[in-house]
1. State yes or no: is A:Ser212 touching a Lys or Arg at 6+ places or on another chain (Cβ under 9 Å), more than 23 Å from B:Glu506 (Cβ to Cβ) and away from every other protein chain (no Cβ under 14 Å)?
2. Does A:Lys287 satisfy the criteria of being free of Cβ contacts under 8 Å to residues at least 12 places away in the same chain, in contact with a Lys or Arg (Cβ under 8 Å, 6 or more places away or on another chain) and either within 13 Å of chain B (Cβ to nearest Cβ) or not hydrophobic (A, V, I, L, M, F, W, C) (or both)?
3. Say we look at the stretch B:299-316 and pick out the residues that are within 11 Å of chain A (Cβ to nearest Cβ) and either assigned to a loop (DSSP other than H, G, I, E, B) or acidic (Asp, Glu) (or both); which of these is surrounded by the fewest Cβ atoms within 10 Å (Cβ to Cβ)?
4. Please find, within the stretch B:542-551, the residue that is least open to solvent (accessible area, probe 1.4 Å) out of those that are closer than 17 Å to B:Trp520 by Cβ and out of contact with any strand residue (DSSP E or B) (no Cβ under 8 Å at 6 or more places or on another chain).
5. Taking the conditions exactly as written (among the aliphatic types (A, V, I, L, M) and facing chain B (nearest Cβ under 7 Å)), does A:Ala114 satisfy them or not?
6. Inside the stretch A:144-177, can you point out the residues that are away from every other protein chain (no Cβ under 13 Å) and outside any helix (DSSP H, G or I)?
7. For the stretch A:220-239, check the following and say yes or no: at least one residue is under 24 Å from the mean Cα position of the chain (by Cα), open to solvent by 10 Å² or more (accessible area, probe 1.4 Å) and either within 13 Å of chain B (Cβ to nearest Cβ) or closer than 21 Å to B:Thr371 by Cα (or both).
8. Is there a residue being among the basic types (Lys, Arg), within 19 Å of B:Asp483 (Cα to Cα) and open to solvent by 20 Å² or more (accessible area, probe 1.4 Å) anywhere in the stretch B:91-114?
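The values are calculated or read from the model by the stated rules, or taken from the named source; none is laboratory data. Predicted, not measured: the structure shown is a model, and the values here were computed from it. Heads up, the Cβs are rebuilt from the backbone with ideal geometry, glycines too, and the neighbour counts pull from every protein chain shown. The accessibility values were calculated without ligands, DNA or RNA, using every heavy atom of the protein model including side chains. Shrake-Rupley method; radii C 1.70, N 1.55, O 1.52, S 1.80 Å.
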Amino acid sequence: MKSIKNILMLTVMLVSFTSSYAQIKNASTQEVKIYGNCGMCEKTIEKSGNLKNISSVDWDKETKMATITFDKKATNKDDILKRIALSGYDSDFFLAPDAAYNKLPGCCQYEREAKTPVKKQMKANMEEKMKANHDEMKSTETQNISQLETIYENYFAVKDALVETDGKEASAKAKELLTLLDVVKMGDLEMDVHMVWMKVMKDLKEDATKISQSNDIKKQRDAFDTLSENIYKLIKVSKAETTVYFQHCPMANDGKGANWLSKENEVKNPYYGSKMLSCGKVVETIK
Amino acid sequence: MNKIYYLLVTLLISTTIFSQNVVRYDLHVRDSIVNFSGKEKRAIAVNGQIPMPTLTFTEGDIAEIHVYNHLDEGTSLHWHGLYLPNKEDGVPYLTQMPIEPGTEHVYRFPIIQSGTHWYHSHSGLQEQIGMYGSLILKKKVVDPAFRKGIDDVPQVPIILSEWTDYKPENVHRMLHNASDWFAIKKGTTQSYAEALKAGHFKTKLTNEWKRMLAMDVSDVYYDKFLINGQNESQLSQFKAGDKVRLRISNGGASSYFWLKYAGGKMTVVANDGNDVEPVEVDRLIIGVSETYDVIVTIPAENTSYEFLATPEDRTKSTSIYIGEGIKQLTTPMPKLKYFEGMKMMNNMMNMDGTMDDMGMDMSLQKIDMNTVMYPEISGSAMKMDEDKDMDHSKHSMSSTKSDIVTLNYSMLKSPTKTTLPKDAPVRELRFELTGNMNRYVWSMDNVVLSETDKILIKKGENVRITLYNNSMMRHPMHLHGHDFRVLNGQGEFAPLKNVLDIMPMEMDVIEFEANADGDWFFHCHILYHMMAGMNRVFSYEDSKPNPYLPNKAEAYKKLQAESNQFHLMAENDFATNGNDGKAMLQNTRWSFGTEWRLGYHDDHGYESETHIGRYIGRNQWFMPFIGFDARYRKLDHGEIEENLFGQKSTKDKRIQASLGFAYTLPMLVIFQAEAYHDGNVRLQLMREDIPLSKRLRMAFMVNTDKEYMVGLKYIIGKNMGITTHYDSDMGLGFGINVNY
């Protein structure tokens, strides 16, 4: 009988212990405003604010007010609001990074009342700068004269798409390249260029077709390897309008290495894209 | 009347003599208790503060710094990046004797340069526990190098650091013992289970085949990271439109930091205290002990913008908010993809432990091989096919990814010519940075400081150093007392630095004019690498005697000994079937180790094996040793054991001497061959600490005495684990493993 009593007591103690354990100790409760829209916001806000046994957040989508309860020995209000801001939601203490806000689903992209817009004058300055950059880019883009030059330009467009790991764009650009390849007037080419053209033309078309017909970045990159080799042969004799850099990445193509051409000295690797963007080096400068 | 006249004359004379402004600081070094992490721990504070007070001088001043040592141990202060007389450089046993407890020492030197520098203790591991501070040298306003819009912008010293609750001596010891407790704390064990889950089982296998332990970008687990001694702080004195120049020093003992700013791009205007042409970047990495000056702008009103410093391992971070009002956060650095890094490392590592750069000629931080681990650049940890469905969102993000401008050394350009004297003789030196992660040995040309003499150079020559990093970690190499040119393709405008971060497989060339006198330290500034011996000393021929160092030769021996200390490691398994344990005392090359197996009954036996060995070669895979074995065991019925070779041994009482060697095989299995003085031979294969999961380790042993053992250990704490093992002598056992 006594033992039963003991067991009972132990159980009661255990139960009360676990239940008290699940609560937040040294609790402090505060009300704060957190900007947001909908039920989905509520989920994200509460999930990012909650920490087991340390903090809990209850947000009301009507009033935009959150009740936050936390163990004041283990954390503080700022920590919780910072976590919530990093998930995309502004409060009167922290503003979410723009990237986090932009990642929120459309319905959750609330109006950012707490955020002060960038001063007008500064914005103008920045825009001016951007515009200047843009103009510069445009002016380089419009420099295409000879018929091979348009092909090179298009090759670079394919390359840039691969740098961005954008299979769709690469395919579209390769399609354009293909049409350009078809309309080249061989007779207008100089003698030595003509000779090379005859050699590489078939392969160029084949690789361009491969890239255009697929959205699979891996297949596109395989074809791009040989495409680059052939364009290189061509550009060696014909010379491009601007300086072109022949670049090499020893890691591409499963460690066998692969080459490509670029208009910039700086390495932007089309075989890895952002994964290994700067891998590679310039092996030849063609002027 | 006469008196007054005299007074006036003396005053006049003294002012003309002291026309240079003497700026005096008094620094009291004291033991203190701090609480950075929620626990009270020992630290060292100067004038009651951590970091040490910011010291400010103007070019042309004379610095006079009085140091009062109230500690129970010696100390010193090194003025990082300053040109000064050798005896003021603050390296104990090299340029002075340690400042003894209870004494005062005065550093006095003219300030002949400007820029952002810092100062720290050069004694033992004191830098880790608080002895670092900013040292700001201002330009004179009349200086022709004074740059409007840069040098007249309001400035704030920023010193980055890290805090660990463990004693730094213990951290150092644990690193040498290849403890993976830090990896467990960081969640970077990279065990087989984790590899399997991430689809990288083969990667892990290859990695161990090549005898590598789990790789990480940094070695130590830290509890907190700090900017000016605080994890988070705010500079609310600045308003919208303000420009602020941050004078940033990395006073961390072993952490590189990524720097980002929530209010847009940062303009880098100086590096290691030397001006550079302004360059705009999105982020930069600051190596241990480097300094960078960046200018940031506050874009909007009532907003303070986060300046975020994230250690390279990205476990935690520290922020300072610039401006008043609501805090605009920047995107945190996402977690590293370790298995991608491991895969890349596998490709780069030769079977013989050297690195292969695959002909990439890497230099100047231009190719960061770790990029494969950065989700913000190479995409999230998800498989590529998974994000195909999200084509749409990917597109909008992709353009930003490859547009992130990260600073590298080739972008640094001095505003003035930095060429060295043309007709000076050139002295060419070449160092290969070498290391052994498994035993935490760091060296140059596979030689640590205690194994080499000073390198003699002559005043008036140009010293050109080629550095090649053939180790798996990056190293911030620091030269005392000189700035060197980094040959980075900027020609005559090559930037001047005093710390060069060199990544694995990189080759860089630096050069400097030998224009000083005395002994100057050249070392890796990762504190634990320096203490492991990755140091050299450049010594000017025919230097003047140093008044602070009466016995130079003796002192140099002390310096050498400091970075080749013995480290103790011990463990014992208290199991139901007996005690299993070992203790080891090791330094760079030598190992004194003893293992024991103590049963609870005579028939289980008691035995111990002691080995004294020396690690040979760069990778230290080979260790010949001499051994002593002692055993006592009572076998029933006078049973005689026979080994695989038919050699017999009576195990009851045995005292043996032996010769043998241990060799680390692929998969990190240790092969041991041992011949005893009675002619018996024993061959053994053993592997401990196979990481099955985050905290579960497996071990096995098998030998030609027909003994074998398999065991499992679950690590529950830094010094404790739960074990089970089956031993051919003692049978099945469960126990608790206690280690030190």
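1. yes
2. No: the conditions fail for A:Lys287.
3. Filtering the stretch B:299-316 for residues that are within 11 Å of chain A (Cβ to nearest Cβ) and either assigned to a loop (DSSP other than H, G, I, E, B) or acidic (Asp, Glu) (or both), the one surrounded by the fewest Cβ atoms within 10 Å (Cβ to Cβ) comes out as B:Asn302.
4. B:Pro545
5. Yes: the conditions hold for A:Ala114.
6. A:Asn144, A:Ile145, A:Ser146
7. Checking the stretch A:220-239: at least one residue is under 24 Å from the mean Cα position of the chain (by Cα), open to solvent by 10 Å² or more (accessible area, probe 1.4 Å) and either within 13 Å of chain B (Cβ to nearest Cβ) or closer than 21 Å to B:Thr371 by Cα (or both).
8. Checked the stretch B:91-114: no residue is among the basic types (Lys, Arg), within 19 Å of B:Asp483 (Cα to Cα) and open to solvent by 20 Å² or more (accessible area, probe 1.4 Å).
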